[in-house]
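*Asks:* Got a structure for you, questions after.
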Amino acid sequence: DQNAHSSSEATHASSGQRQPLWQVLLAGLSVKGVSLLTGVAFALMFGYYGMYLYLGSFLCTTLHVNGFQASLFLMLYGLGFVMGPITGKLADAVGKGKALLYALCGLLVILSILAWLAPIFLLFALALFCWGVLQSLAVNALSTLFSERSSSHRGQLLSLYTFATYLGLTLSSALLGPLFIGSGYQALGIVCALVTCLGILLLAVFQRKMR
């Protein structure tokens, strides 16, 4: 009987692992507040990748730098992003919700003005570094907020967070390419800032619901 019971549990666990993706995502969305956090995750990654993907091309065409020099600029963003251990402690100190809100507001400003800072070398370099720091802070805070929503649905929530992340990456690269070619990096910054603003509004609604 014990063997049969164990076999039944194993079969049930195995069938649970083979759940279709849509069922996994729906299970995650059923948790209170998660649909709003999913929108925030999408907005965050759409704004990030939409700007970062075309940054190298912008540098080469606007500042007339070569590929190696452009990579040095991109590295400034990376240096800011690897401040994750520090930004994680900051998020713990001020609270995940507040940290995410502050990070999104900072990203909104940077994405809005980044293209116009390019001729001013020092300000542009500083903005790239700050962009990385704020992105790291936002990712750390948001992933923690997701995981804290429900311990029993943690796997589904992680899948949902990953889905929203890659959806933002995919759509930003697909939709913003023609905009970059036709209207330039400045227009890209405005669109990405507006999407980030949407993320801020969704986060505000989430925080209100959680009170």
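*Asks:* Provide the FRET efficiency to the nearest 0.05 for the Ser147-Leu179 pair, computing r from the beta carbons and using R0 = 35 Å.
*Replies:* It comes out at approximately 0.55.
*Asks:* Continuing with this model, one more query. Send over a whole-number figure in Å² for the accessible area per residue of region 63-149, probe 1.4 Å.
*Replies:* 49
*Asks:* Under the definition of Cα pairs under 8 Å and six or more residues apart, what whole-number percent is the relative contact order of region 51-134?
*Replies:* About 43 percent, as a whole number.
*Asks:* Okay, moving on. I'd like the FRET efficiency for Leu126 and Lys32, computed as 1/(1 + (r/R0)^6) with the beta carbon distance as r and R0 of 41 Å, rounded to 0.05.
*Replies:* So, using R0 = 41 Å, E works out to roughly 0.55.
*Asks:* What accessible surface, in Å², does a 1.4 Å probe find on Ile190, ignoring ligands, DNA and RNA and rounding to the nearest 10?
*Replies:* 90
*Asks:* At 1.4 Å probe size, put Met45, Met210 in order of accessible surface, largest to smallest.
*Replies:* Met210, Met45
*Asks:* Pop out the ³J(HN,Hα) list for region 103-110 in order, Karplus 6.51 cos²θ - 1.76 cosθ + 1.60 with θ = phi - 60°, rounded to Hz; leave Gly and Pro as x.
*Replies:* 5, 5, 5, x, 5, 4, 5, 5
*Asks:* Counting other C-beta atoms within 10 Å, and keeping those with at most 13, which DSSP coil chymotrypsin sites (Phe, Trp or Tyr not before Pro) do you find in region 64-170?
*Replies:* The qualifying sites: there are none.
*Asks:* From the backbone phi of region 196-210, what are the Karplus-calculated ³J(HN,Hα) couplings (6.51 cos²θ - 1.76 cosθ + 1.60, θ = phi - 60°) in whole Hz, Gly and Pro given as x?
*Replies:* Each residue's phi maps through the Karplus curve to give 5, 4, 4, x, 5, 5, 5, 5, 4, 5, 4, 5, 5, 5, 7 Hz.
*Asks:* Same structure, new question: So how far apart, in nm, are the two label points at Lys209 and Gln69 if each is 7 Å from Cα heading toward Cβ?
*Replies:* Spacing of the two 7 Å Cα→Cβ label points: 4.9 nm.
The values are calculated or read from the model by the stated rules, or taken from the named source; none is laboratory data. Every value quoted in this text rests on a predicted model; they were computed, and no experiment measured them. No Cβ is skipped: glycine too gets one built from the backbone with ideal geometry, and neighbour counts run over all protein chains shown. Side chains included, ligands, DNA and RNA excluded: accessible areas come from the protein's heavy atoms. Shrake-Rupley method; radii C 1.70, N 1.55, O 1.52, S 1.80 Å.
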